[in-house]
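The values are calculated or read from the model by the stated rules, or taken from the named source; none is laboratory data. Everything numeric here is computed off the predicted structure, so don't read it as measured data. Glycine gets a Cβ as well: all are built from the backbone with ideal geometry, and neighbour counts include every protein chain shown.
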Amino acid sequence: MIKLDIPGFGGLALSHLVLDYNGTLAVDGHVLEGVHEELAAIAEHLDIHIVTGNSHGDVETRIAGWNVRLTCLPALGQAQAKRSYIEKLGANRTVAIGNGRNDAPMLKAAALGIAVLGSEGLAIDAVRDADILVRHVVDGIGLLLHPTRLIASLRA
């Protein structure tokens, strides 16, 4: 668990990290450098969930052996399915990271939503519904590994 009180934002008591795969953890289906190591480190503090449409059909192979829970979603209704997933975990205990339009509802529902501006772009809806924007998913995970960094960006 990660606990943090951010002046003007509120208290966080996070137990779960939910991530999109393509465009967030991977580009063109290939896992980004440093992602596995950062997820292994944050797994000591949070339960990790990858929720994806599995666009390239090989996510199971790409993350084999990782300490994560994988959920593959059908092509239709992904935005609502991702939000529902967050709500079932307990949105108030969950941080979400994503980049797509279908990630926006989960970013909004989560206690902390982190949007990633990576090589595959960032949907405007995701920007609007996130609490913070990072340029790489490793930076987003780094905020969780060093949670006092969040205070600088989110305090009011």
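The helices (runs of 4 or more DSSP H) located wholly in region 50-156 that include 3 or more residues which are aliphatic (A, V, I, L, M) occupy 78-89, 104-109, 124-129, 137-145, 148-154. Filtering region 31-49 to residues that are over 18 Å from Leu89 (Cβ atoms) and part of a strand (DSSP E or B) leaves only Val31.
The set of residues in region 35-44 being in contact (Cβ under 8 Å) with a residue 12 or more places away in the chain, surrounded by fewer than 14 Cβ atoms within 10 Å (Cβ to Cβ) and either among the acidic types (Asp, Glu) or touching a helix residue (DSSP H, G or I) at 6+ places or on another chain (Cβ under 8 Å) (or both) consists of Ala41 alone. Of everything in region 110-130, what is under 12 Å from the mean Cα position of the chain (by Cα) and either at positive phi or touching a residue at least 60 places away in the same chain (Cβ under 8 Å) (or both)? Give them in sequence order. The answer is Ala110, Ala111, Leu112, Val116. So for region 74-83 (the condition being crowded, with 20+ Cβ neighbours inside 10 Å and either under 16 Å from Asp139 (Cα atoms) or in contact with a strand residue (DSSP E or B) (Cβ under 8 Å, 6 or more places away or on another chain) (or both)), does at least one residue qualify? Among the residues of region 74-83, at least one is crowded, with 20+ Cβ neighbours inside 10 Å and either under 16 Å from Asp139 (Cα atoms) or in contact with a strand residue (DSSP E or B) (Cβ under 8 Å, 6 or more places away or on another chain) (or both), which makes the answer yes. Could we say that Ile132 is surrounded by fewer than 24 Cβ atoms within 10 Å (Cβ to Cβ) and touching a Ser or Thr at 6+ places or on another chain (Cβ under 6 Å) here? It is true that Ile132 is surrounded by fewer than 24 Cβ atoms within 10 Å (Cβ to Cβ) and touching a Ser or Thr at 6+ places or on another chain (Cβ under 6 Å). Within region 5-30, being part of a strand (DSSP E or B) and buried (at least 17 other Cβ atoms within 10 Å of the Cβ) holds for Ile6, Leu12, Leu14, His16, Leu17, Val18, Leu19, Asn22, Ala26. Looking only at residues in region 19-75 that are at pLDDT below 90 and within 15 Å of Tyr85 (Cβ to Cβ), the one that is farthest from the chain's Cα centre (by Cα) is Pro74. Close contacts from region 7-31, counting a first residue that is closer than 20 Å to Ile42 by Cα and a second that is exposed (fewer than 15 other Cβ atoms within 10 Å of the Cβ) and of a type in the set (A, V, I, L, M, F, W, C), with Cβ to Cβ under 7 Å and a gap of 6+ residues or different chains, come to Ala13/Met1; Leu14/Met1; Ser15/Met1.
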